[in-house]
Amino acid sequence: MAQEQTTWEYAPSPEGTGHIKLNKKYNLFIDGKWVAPSSKKYFETINPATEEVLAEIAYANEKDVDLAVKAARKAYTNVWSKMPASERAKYIYRIARLMQERAREFAVIESLDAGKTIRESRDIDVPLACNHFFYYAGWADKLEYAFPNRKVEALGVAGQIIPWNFPLLMAAWKIAPALATGNTVVLKPSETTSLTALKLAEIIEEAGLPHGVVNIVTGYGDTGAAIVNHADVNKIAFTGSTAVGKIIQKAIAGTHKKATLELGGKSANIIFEDAPIDQAVEGIINGIFFNQGHVCCAGSRLFVQEGIAEKVIRKLKQRMESLYVGNPMDKNTDIGAINSKKQLETINKYIHIGLKEGAEMYQPACDLPSKGYYCAPTLFLNVAQSSIIAQEEIFGPVLTIQTFRTVDEVIQKANNSPYGLAAGVWTDKGSRIFNLTTKLKAGVVWANTYNKFDPTSPFGGYKESGFGREGGVHGLSGYVKLS
Ligand code: NAD
């Protein structure tokens with residue numbers, strides 16, 4: 001007798017927004033002050049779950065970026081580079097503690113602005129962001145142990161540009177190691193998710209950080225380009241698309257600027273016949289549908305060993321049926337809103353390409369909210385290795401599935417990608433894990449788990465996924481000159 005599957009209906013459990021305070025308009029945070037953009041231009045940031053306007057954000061131009069870089073240089077020369085490292089650490093600890101105190105506010109604002117589920121903002125983004133500040137505060141006065149027998153010097157002014165998928169966390173990944181190593185900062189958040197970086201600026205003010213040590217300038221790509229091209233910036237730390245990463249690399253070629261680029265991905269999740277299948281299915285779901293697939297290291301290509309393919313696909317489809325898609329502020333929601341209309345259009349374009357390429361699509365039946373930007377979790381079967389949906393980064397909740405027979409075959413298939421950010425291996429055999437971790441061309445390889453992050457662990461890519469590492473002791477290297 002076929003077993004009937006029961007899906008529980010949960011009562012709505014929306015997170016309150018009464019405790020947050022948002023301004024109608026946000027200016028630029030330069031030299032410890034909130035200043036209007038010289039162009040007097042502002043742009044709207046919207047809630048992608050409802051399409052409502054949340055606030056107006058200042059649009060910084062070259063002149064504003066120049067002011068921010070000058071403030072950062074002055075702060076570096078006069079204050080920050082002269083301060084004992086143990087004093088610098090105290091400021092970074094203070095930022096971490098203040099963030100922790102306001103964690104709920106950060107989580108709610110992140111979910112409103114980015115469309116990500118409150119569960120993720122609350123349990124992943126915000127705690128990890130705080131932990132990054134705590135972790136790097138600890139390194140500030142121990143750099144001689146991070147780089148034994150070397151003289152360690154700061155670089156100067158770091159220009160930092162971040163994307164929209166983990167807005168606060170990416171700001172923490174950038175600012176914390178830069179400050180710990182004695183640099184000052186000009187940071188630009190993404191145009192669709194500026195709010196938590198601006199809230200962080202409020203905390204930086206409250207922490208009493210000397211003026212100009214951290215400057216936050218908001219705007220679009222041209223604001224980012226003004227940072228990249230500014231002659232007095234010593235380091236560019238960029239996280240975003242490979243296309244923009246290439247523009248940046250060209251722009252700084254031949255200059256003195258040091259760079260780290262954290263770019264796109266098309267990561268392989270590999271499941272062997274001896275894997276614990278239920279855990280693996282949960283890991284696959286987490287790997288691609290977590291944060292609506294807006295994860296650079298999303299396990300967007302699934303490789304299943306032939307003997308278990310039918311079982312895994314059946315279980316995956318069953319699990320997808322029980323995923324809640326909808327209001328990001330509801331604590332039961334598994335898949336929130338796509339970050340922007342533009343990104344939803346990109347995802348839909350790829351779904352269309354997949355269908356045109358002849359792949360077989362599966363989406364569970366789910367009612368998507370009529371307002372806002374949503375995409376049902378999607379998987380594609382019968383996908384060729386050469387197909388566009390298996391080669392290009394979609395950056396949405398779309399999974400391609402291919403099968404394999406042997407270890408050599410799957411290594412070849414998994415590495416057949418211009419990217420090399422992450423991979424997952426699911427197997428009971430330790431020796432197989434070690435074999436694959438050395439042969440997969442990926443910066444991170446997770447074994448029997450996926451999407452696990454920790455401030456002590458380095459993260460970064462190979463090939464077109466970029467270079468340099470963030471997190472861990474390795475994350476300090478990009479911000480220091482060693483002699
Ligand atoms: P994006 O490249 O479009 O934008 C990233 C940032 O760069 C934004 O702040 C944007 O305003 C700015 N920018 C745009 N054009 C610029 C230019 N010419 N010069 C300087 N700055 C410019 O990327 P996105 O759509 O915001 O983010 C998604 C991408 O980020 C995906 O490809 C994803 O894989 C990648 N990502 C990578 C990592 C990682 O650690 N490797 C982490 C998160 C996201």
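The values are calculated or read from the model by the stated rules, or taken from the named source; none is laboratory data. The structure displayed is predicted, hence computed values, not measured ones. Every residue, glycine as well, gets a Cβ built from its backbone with ideal geometry; the counts of neighbours run over all protein chains shown.
Of everything in the range 263-314, what is of a type in the set (D, E, K, R) and in contact with a helix residue (DSSP H, G or I) (Cβ under 8 Å, 6 or more places away or on another chain)? Give them in sequence order. Walk me through how you get there before you give the answer.
If we filter the range 263-314 for residues that are of a type in the set (D, E, K, R), which is where we start, we get 266, 273-274, 278, 282, 301, 306, 310-311, 314.
Result: 266, 273, 278, 282, 301, 311.
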Q: Hey, can you tell me all the residues within the range 203-222 that are buried (at least 24 other Cβ atoms within 10 Å of the Cβ) and either charged (D, E, K, R) or within 11 Å of the ligand (Cβ to nearest atom) (or both)?
A: 217, 218, 219
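Take the residues in the range 394-403 that are touching a strand residue (DSSP E or B) at 6+ places or on another chain (Cβ under 7 Å), under 24 Å from residue 366 (Cβ atoms) and not hydrophobic (A, V, I, L, M, F, W, C), then tell me which one is farthest from the ligand (Cβ to nearest atom). Spell out the reasoning first.
Our first condition is that a residue be touching a strand residue (DSSP E or B) at 6+ places or on another chain (Cβ under 7 Å); within the range 394-403, this holds for 397-403.
From what is left, the residues that are under 24 Å from residue 366 (Cβ atoms) are 397-401.
After this cut, where a residue has to be not hydrophobic (A, V, I, L, M, F, W, C) as well, the list is 397, 400.
Values: 397: 14, 400: 16 Å.
Only one residue tops the list, namely 400.
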Q: Go through the range 55-71 and count every residue that is assigned to a helix (DSSP H, G or I) and either more than 10 Å from residue 184 (Cβ to Cβ) or touching a helix residue (DSSP H, G or I) at 6+ places or on another chain (Cβ under 9 Å) (or both).
A: 9
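Residue-by-condition table, conditions (1) under 26 Å from residue 295 (Cα atoms); (2) aromatic (Phe, Trp, Tyr); (3) touching a helix residue (DSSP H, G or I) at 6+ places or on another chain (Cβ under 7 Å):
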site: 196; (1), (2), (3): yes, no, yes
site: 202; (1), (2), (3): no, no, no
site: 209; (1), (2), (3): no, no, yes
site: 214; (1), (2), (3): no, no, yes
site: 224; (1), (2), (3): yes, no, no
site: 233; (1), (2), (3): no, no, yes
site: 238; (1), (2), (3): yes, yes, yes
site: 242; (1), (2), (3): yes, no, no
(Q) Just the residues that are within 14 Å of the ligand (Cβ to nearest atom) and without any contact (Cβ under 8 Å) to a residue 60 or more places away in the chain, please, taken from the range 174-202. (A) 187, 189, 190, 197
Q.
Return the residues of the range 295-341 that are surrounded by 22 or more Cβ atoms within 10 Å (Cβ to Cβ) and either among the hydroxyl-bearing types (Ser, Thr, Tyr) or within 16 Å of the ligand (Cβ to nearest atom) (or both); say none if nothing qualifies.
A. 295, 296, 297, 298, 299, 300, 301, 333, 337, 338, 339
(Q) Checking the structure you have, find out if any residue of the range 350-368 is out of contact with any Pro (no Cβ under 8 Å at 6 or more places or on another chain) and either within 16 Å of the ligand (Cβ to nearest atom) or in the same structural domain as residue 165 (by TED's automatic domain parsing) (or both). (A) yes
(Q) Restricting to the range 229-248, give me the number of residues that are outside any helix (DSSP H, G or I) and more than 8 Å from the ligand (Cβ to nearest atom). (A) 8
Q.
Pairs please, first residue from the range 394-414 and of a type in the set (S, T, N, Q), second anywhere and modelled with pLDDT of 95 or more and part of a helix (DSSP H, G or I), Cβ atoms under 6 Å, 6+ apart in sequence or on different chains.
A. 400/389; 400/390; 403/306; 403/309
